[in-house]
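Participant: Can you read through this structure? Questions will come right after.
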Amino acid sequence: MPSTGGLSPYPKTPTRRIFSGCNIRSGFAPADTDSRQQGSTTINVSELKERNIWSCMRAEASVAAAGEPVLASYFHNTVLRHKSIDRALAYQLASVLDHTALTATALQEVIAEAMEDDASISRAMQADICAWFDRDPACDQYITPFLYFKGFHALQSHRIAHWLWLKGRHTLALYFQSRVSEQFAVDIHPAAQFGSGIMIDHATGLVVGETCVIEDDVSMLHSVTLGGSGSGGGDRHPKIGRGVMIGAGAKILGPVRIGEGVKVAAGSLVLRDVAAHATVAGVPARTVGSESAAAPAYTMDQTLDSGD
């Protein structure tokens, strides 16, 4: 079962540096990749406090507003005027999901209610931000996924929809699902369970079914389907273990178990259980090469060691 806000102690392959404070790079220069390769990337509750994500985001927004004055009001409205990251997220999601059927003001109230009721939503959201920062070379600031990445927006919107689903507010949860699908081309059933430290890169075309469970520290790319098999009810969708990486266009169908630390190659079709730390590829997928890294979700290595 995923820890919807409990941050995983699962050991990670070193990928990026951890901020003990907030080291803001001026302008929009590329990330210092070498310096971000140092140390472990384990994300836990104490580290979230050490990273001080909200203070970093505010500092990044201030630098960005000064560097691009035409967007100064945008950075003010989305980040700088808010007292907390939770309030900023409520505003951001409400803005992107705004519709005449349910206005941004009403949406903001629902989102704020969910985050006040369940603190694990905020912890998971911050771990997701760290996942993007630590794993995506194109993400060199904490503010980047928060403002610009639809995979992040879709995932956080789902966390609110899932809270509504668990509260028995299925109609509103399904409304959130519909708006997310319409806005982001991402379709996640509100009952699907996600852990924390999740990265959904690019996200377009992602489908996640009702009884799917995704544990902590998973990375997946666009056009992934975690779908059902058969027309009956009950448990019919995949269970994805910790540290798994699912490549672009991969399809995993039925109530199969994808073990911890598995790498699923792009374009694969998985119809059977996959043992921990295996690498699978093909249609239908088969095990290829040697055992995968401890957690391929962190390295995002798309290559296959075929043993040839």
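The values are calculated or read from the model by the stated rules, or taken from the named source; none is laboratory data. Since the structure is predicted, the reported quantities are computational estimates derived from the model, not experimental observations. As a convention, Cβ positions derive from the backbone with ideal geometry for all residues, glycine included, and neighbour counts pool all protein chains shown. The accessibility values were calculated without ligands, DNA or RNA, using every heavy atom of the protein model including side chains. Shrake-Rupley method; radii C 1.70, N 1.55, O 1.52, S 1.80 Å.
Participant: Choose one of Leu206, Gly227, Ala192: the residue whose Cα lies farthest towards the positive end of the charge dipole of the stretch 135-227 (beta-carbon charges +1 Lys, Arg; -1 Asp, Glu; about the Cα centre).
Facilitator: Checking the options against the dipole of the stretch 135-227, the answer is Ala192.
Participant: Suppose all protein chains stay in the model; what accessible area per residue would a 1.4 Å probe give for the stretch 134-200, in Å²?
Facilitator: Result: 30 Å² of accessible area for each residue.
Participant: Positive end of the dipole of the stretch 260-308, charges at C-beta (+1 Lys, Arg; -1 Asp, Glu), about the Cα centre: which of Ser268, Thr303, Val288 has its Cα farthest in that direction?
Facilitator: Ser268
Participant: Hey, if you put +1 on the Cβ of every Lys and Arg and -1 on every Asp and Glu Cβ in the stretch 97-205, which of Gly168, Leu102, Cys139 ends up farthest toward the positive end of that dipole?
Facilitator: Gly168
Participant: Say each of Gln183 and Arg272 gets a label point 7 Å from the Cα, pointing the same way as Cα to Cβ; how far apart are those two points in nm?
Facilitator: 4.2
Participant: Could I ask something else about it? Obtain the nm distance between the two label points defined at Ser231 and Leu174 by a simple spin-label model: each point lies 7 Å from its Cα along the Cα-to-C-beta direction.
Facilitator: 1.9
Participant: Quick check for me: using +1 on Lys/Arg Cβ and -1 on Asp/Glu Cβ, what's the dipole size of the stretch 125-198 about its Cα centre, in debye to the nearest 20?
Facilitator: Here the stretch 125-198 has a charge dipole of around 340 debye.
Participant: Aspartates and glutamates near Lys167 by alpha-carbon distance under 15 Å, same-chain residues fewer than 8 away left out - which ones?
Facilitator: Cross-link targets: Glu113, Glu116, Asp117, Asp118.
Participant: For Val208, what residues show an amide H to amide H distance below 5 Å, using hydrogens built from the backbone and excluding near sequence neighbours?
Facilitator: Excluding prolines and chain starts, which carry no amide H, the hits are Asp187, Ile188, His189, Leu226.
Participant: Another question about this same structure. Amide H neighbours of Ser229 under 5 Å, at least 5 residues apart or on other chains, H built in the peptide plane: list them.
Facilitator: Gly254
Participant: Give, rounded to the nearest 20 debye, the magnitude of the charge dipole that the stretch 108-235 has about its Cα centre when Lys and Arg contribute +1 at Cβ and Asp and Glu contribute -1 at Cβ.
Facilitator: Using only the charged Cβ atoms, the result is roughly 280 debye.
Participant: Further question on the same structure: If packing is taken as the average number of other Cβ atoms within 10 Å across a peptide's residues, how do 155-165, 218-228 rank, most packed first?
Facilitator: The most tightly packed comes first, giving 155-165, 218-228.
Participant: Another question about this same structure. Arranged from highest to lowest average of other beta-carbon atoms within 10 Å per residue, in what order do the peptides 211-217, 174-180 appear?
Facilitator: 211-217, 174-180
Participant: With a sphere of radius 11 Å drawn around the Cβ of Ala275, what net charge do the other residues whose Cβ falls strictly inside it have (Lys, Arg +1; Asp, Glu -1)?
Facilitator: -1
Participant: Sticking with this structure for a sec: Taking the Cα centre of the stretch 220-308 as the origin, how large is its charge dipole in debye, to the nearest 20, when only Lys and Arg (+1) and Asp and Glu (-1) carry charge on their Cβ atoms?
Facilitator: Value, rounded to 20: 340 debye.
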